[in-house]
Each structure stands twice: as structure tokens, then as C-alpha cells.
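Chemist: Provided herewith is a single structure, encoded as C-alpha cells, for subsequent inquiry.
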Amino acid sequence: METKQIVIYPNDILSTPTKKTDLETAQKIAVDLFKTLAKAGGLGLSANQIGEDKSVCVVNVTNPFFLLNPKIVKKEKEIVYKEGCLSIPDKMVRTNRYEKIWVEADNVDDTLVFGPEKGNQVDNDVLVLEAICVQHEIDHLNGLTIFDREYIPEQYRRTERKYGRNEKVIISKGKETLTLKYKKSLPYLEKGWKINE
């Protein structure tokens, strides 16, 4: 079984968005991707990881499938996840991902949903892994790697002002604002929330 060489990071092809392609070309590339993926023992692979400047990727977590010119159209529930990459061997990176995503691709008619589902026979951890894999491969097609998604915890600073444990404070992160007792705000502050002074 002939397989392709996997491109190792850093390499310009991994940091450049891929070009859209047609179904016939994508099917041929998908065959090479699946063969290479099977030999490497990974869960997903994108065309630019084997040197092809085409918007095609394959994923094999619950079932093998390929995506042509895919794009994520909706995301839900941000999480931190530890992942590796065949183009970045022997390195695990904590990343910012989403537990559930909706994807459109030119080789499927409907919007695909990846992530946990109520009543599904497959373990939800596996379904989350599949959603992460799809995000990972679409990132590759957009010229992004796990280093671009790396989770960097925000260091929170204790303010100069001293707060009583039961004193009410207003905290915010982005557009969200909460009012609660100082002692209850501490877990939020550790996650990057700030006290509005």
C-alpha cells in the first residue's frame, strides 16, 4: 500500500489556506489521505499535510469520512482539549476547541453536526473527540495548527483593594457581567474574569 509522506511542521504549506477543489479531485486525494492515515495510526489528515494544496480532509473516529471544501457554520460550548498532530510529532498541546460544531461541505447535502448527542449509542467522549478532530482538520485547511489554538490561561491579579468575603463585586468577561459575593467570584477570576472597579 503506497502512502504519502506527511509534511512536518514548520512548513509554509501548513500555514497557508488551501484552495477549493472539485469532487473528482477530492475523491482521489481522500484515497491517499486514508491510506496515509491508516499507516500513521492517526484520527484525521488534511490534504496540505501530504503536500496537496486542496481543501480536502479525512476523519476516522466513529466512521471514516471525507470533507470537501468544509467550513464550520456554528459552534457550541468552548472547552480546553489536549491534542496532538501527525505533522507535529511527539507534542501534545492544550487547545481551545468547541464541544459541538455544525459543518457544511460540498460533498454532503445537509449540515453535519459533530459532538455529543442525547440518546446516541456512541460514547459522548468519542463524539467530542470526533468534533475536535473535524475542527483540527478544518484548521489545517485554513492554514492553522494546534499552536494557533493553544490554550493560554489568563493570569488573574488580585487587586490592590481588599474585599470582604461577603462583599458584593461586579465581574465581567467579554460581554458577560455577574454580580456576586467576592468569595464566590474567585473561581471566575481564575478563569480570566475581571472585577469592575
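Chemist: Considering only region 41-78, how many residues are part of a strand (DSSP E or B) and touching a helix residue (DSSP H, G or I) at 6+ places or on another chain (Cβ under 8 Å)?
Modeler: So the count comes out to 15.
Chemist: Let me ask another. Filter region 37-73 down to the residues that are among the hydrophobic types (A, V, I, L, M, F, W, C) and more than 20 Å from VAL108 (Cα to Cα) and list them by number.
Modeler: Within region 37-73, LEU37, ALA38, ALA40, LEU43, ILE50 qualify.
Chemist: Go through VAL113, VAL169, VAL108, VAL128 for me and flag whichever is modelled with pLDDT of 95 or more, surrounded by 12 or more Cβ atoms within 10 Å (Cβ to Cβ), in a strand (DSSP E or B) and at negative phi.
Modeler: VAL113
Chemist: Another question, then. With respect to ILE138, is the statement that it is touching a helix residue (DSSP H, G or I) at 6+ places or on another chain (Cβ under 9 Å) and either free of Cβ contacts under 8 Å to residues at least 24 places away in the same chain or open to solvent by less than 60 Å² (accessible area, probe 1.4 Å) (or both) true?
Modeler: In short, no.
Chemist: Might you check whether a residue that is surrounded by 14 or more Cβ atoms within 10 Å (Cβ to Cβ), closer than 25 Å to GLU76 by Cβ and not hydrophobic (A, V, I, L, M, F, W, C) occurs anywhere in region 175-193?
Modeler: yes
Chemist: Then there's this: Are any residues in region 81-103 farther than 17 Å from LEU141 by Cα and more than 15 Å from the chain's Cα centre (by Cα), and if so, which ones?
Modeler: PRO89, ASP90, LYS91
Chemist: Which of the residues that make up region 1-40 are open to solvent by 30 Å² or more (accessible area, probe 1.4 Å), closer than 14 Å to GLU52 by Cα, touching a Lys or Arg at 6+ places or on another chain (Cβ under 9 Å) and not acidic (Asp, Glu)?
Modeler: THR3, LYS4, LYS19, LYS20, THR25
Chemist: PRO70 is checked against (1) of a type outside the set (Lys, Arg); (2) at pLDDT 95 or above; (3) under 25 Å from PRO10 (Cα atoms); (4) out of contact with any strand residue (DSSP E or B) (no Cβ under 6 Å at 6 or more places or on another chain) and fails just one. What number does that condition carry?
Modeler: Result: PRO70 passes all but (4).
Chemist: Something else now. So, in region 82-129, how many residues would count as being touching a residue at least 60 places away in the same chain (Cβ under 8 Å), in contact with a strand residue (DSSP E or B) (Cβ under 6 Å, 6 or more places away or on another chain) and within 23 Å of ILE152 (Cα to Cα)?
Modeler: So the answer is 2.
The values are calculated or read from the model by the stated rules, or taken from the named source; none is laboratory data. Everything quoted here is computed from the prediction, not taken from an experiment. Backbone-built Cβ (ideal geometry, glycine too); neighbour counts: all protein chains shown. Ligands, DNA and RNA are stripped out before the accessible areas are found, and what is left, the full protein with its side chains, is counted by its heavy atoms. Shrake-Rupley method; radii C 1.70, N 1.55, O 1.52, S 1.80 Å.
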